[in-house]
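The values are calculated or read from the model by the stated rules, or taken from the named source; none is laboratory data. Computed from a predicted structure; not experimentally measured. Methodologically, a virtual Cβ is constructed for each residue, glycine included, from the backbone with ideal geometry; neighbour enumeration extends over all protein chains shown. Remember, those area values only see protein heavy atoms, side chains included, never the ligands or the DNA or RNA. Shrake-Rupley method; radii C 1.70, N 1.55, O 1.52, S 1.80 Å.
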Amino acid sequence: MKYLSTRKELRRVFLLIEAKVGELKATDLSFLELAEQYKAPVQIVLTKTDKMKRADLDSICKSIIQSATDIAPSVVQPAAICCSSRTKIGIDDLQLELLRVCDLVPSGELAKQ
């Protein structure tokens with residue numbers, strides 16, 4: 001994990017998690033421990049959300065963010081981005097966040113969207 005510890009340019013890691021799995025896998029947990037150790041900011045992105053009922057998705061999202069925050073409290077962003085490549089729901093949010101993290105969109109521009 002030298003990459004996490006030596007990249008000063010690293011602004012955030014986007015951790016993709018398939019929503020229908022409903023929980024963090026062992027590899028996710030291990031990665032979050034490393035991210036916490038190296039103070040690498042993490043954004044949770046739930047994918048394939050089109051396959052979920054809204055109520056189930058909300059519950060799973062809260063559960064995953066809580067689990068991730070329990071493991072890496074100082075680096076996990078407080079909200080997940082939920083998206084679907086099939087329906088395109090949430091893709092704009094993900095793209096805007098990527099641009100914002102890279103300082104390619106002024107913060108005020110996000111409010112206009």
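In table form, for the structure just shown:
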| read-out | value |
| --- | --- |
| Residue in region 42-58 that is open to solvent by 70 Å² or more (accessible area, probe 1.4 Å), at pLDDT below 95 and closer than 13 Å to ARG12 by Cα present | no |
| Residue check for LEU104: of a type outside the set (D, E, K, R), free of Cβ contacts under 8 Å to residues at least 40 places away in the same chain and open to solvent by less than 20 Å² (accessible area, probe 1.4 Å) | no |
| Which listed residue is farther than 28 Å from VAL105 by Cβ and surrounded by 14 or more Cβ atoms within 10 Å (Cβ to Cβ), from LEU4, LEU15, LEU94, LEU34 | LEU34 |
| Every pair of residues 6+ apart whose Cβ atoms lie under 7 Å, when the first sits in region 68-83 and is touching a residue at least 60 places away in the same chain (Cβ under 8 Å) and at positive phi while the second is open to solvent by 60 Å² or more (accessible area, probe 1.4 Å) and in a helix (DSSP H, G or I) | none |
